[in-house]
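Each remark here refers to the structure printed beneath this line.
We did not get these values from a lab; they are worked out from the coordinates using the rules stated. Computed from a predicted model, the values in this text were never measured in an experiment. Please note: Cβ atoms are built from the backbone with ideal geometry, for glycine as well, and neighbour counts cover all protein chains shown.
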Amino acid sequence: MIDFYTLTSPNVIKIFIALEETKLPYNVKTVDIWKGEQFTPEFTKINPNQKVPVIVDHEGPGGKPYTVIESGAILMYLADKTNSLLPADKAKRFDALQWLMLQMASLGPMCGQLVHFSKFAPAGNDYGHSRYRTEINRLFDLFDKRLAENAYLGGDEYSIADIAAFPWLRNTALLGIDLASRPNITRWVAALAERPAVKQALAKVATITSVRDSATDDAKDRLWGRGKYARA
């Protein structure tokens with residue numbers, strides 16, 4: 001059994017999808033970051049980085065409990081555990097892993113920063129807003145070009161690279177991104193959204209609640225390391 005520490009972010013959605021795709025049994029353990037639950041000693045012991053998602057596999061390597069943090073590492077762990085969601089052919093496998101890394105290093109962080117500066121930051125961040133929106137548009141063009149040449153990000157096989165990118169590339173309304181000129185992302189998002197595991201994952205995410213809309217200013221400051229929590 002896997003304990004899955006979670007809330008509702010795109011990085012969390014990746015793991016919901018992978019768990020549904022692999023059909024591994026798991027328990028959902030909600031960590032409301034808007035309440036500061038990630039900062040408790042109990043959760044910090046599980047993940048010193050104080051973030052979700054995290055999994056604890058009670059049947060890990062050697063049959064012992066094993067904790068995995070960071071969504072990309074969790075995806076790789078689940079693929080390895082089930083011998084699925086990555087091509088067996090070595091070249092194709094690393095094709096998929098390259099696009100997984102591109103999501104982890106570029107697409108996710110850039111999207112996250114745009115959402116923060118457009119939704120949560122105080123006024124006066126025009127440079128940051130322009131910087132992140134410009135980079136996201138570049139990345140969307142890059143992913144669209146890749147999907148013009150391949151059915152999936154890794155090539156001709158659905159993989160954890162697709163699972164990693166899907167929650168971000170579908171999030172166009174929040175990001176303010178227009179897909180009219182990106183037909184290949186549009187096609188790919190629609191195809192993945194029809195997968196039973198994806199439908200099941202999104203349905204489960206929709207049932208999770210948090211206090212985001214009523215979070216205190218102090219909770220927000222602590223979450224983002226600002227105000228009295230700033231270290232600069």
| message | Within region 132-141, does at least one residue satisfy the condition of being among the charged types (D, E, K, R), more than 19 Å from Trp188 (Cα to Cα) and surrounded by 15 or more Cβ atoms within 10 Å (Cβ to Cβ)? | response | yes
| query | Residues in region 151-201 that are part of a loop (DSSP other than H, G, I, E, B) and closer than 23 Å to Met110 by Cβ: how many? | reply | 12
| query | Across region 180-229, which residue is surrounded by the fewest Cβ atoms within 10 Å (Cβ to Cβ) among those that are touching a helix residue (DSSP H, G or I) at 6+ places or on another chain (Cβ under 7 Å) and free of Cβ contacts under 8 Å to residues at least 12 places away in the same chain? | reply | Lys228
| request: Answer yes or no: is there a residue in region 147-158 that is within 26 Å of His116 (Cα to Cα) and surrounded by 12 or more Cβ atoms within 10 Å (Cβ to Cβ). | output: no
| query | Does region 135-143 contain at least one residue that is basic (Lys, Arg), assigned to a helix (DSSP H, G or I), without any contact (Cβ under 8 Å) to a residue 24 or more places away in the chain and farther than 20 Å from Ala164 by Cβ? | reply | no
| If you check Lys51, Lys35, Lys64, Lys92, which single one turns out to be in contact (Cβ under 8 Å) with a residue 40 or more places away in the chain and either farther than 16 Å from Ile160 by Cβ or in contact with a Pro (Cβ under 6 Å, 6 or more places away or on another chain) (or both)? | Lys35
| Candidate set: region 140-154, residues that are closer than 16 Å to Leu85 by Cβ and aliphatic (A, V, I, L, M); chosen: the one farthest from the chain's Cα centre (by Cα) | Ala151
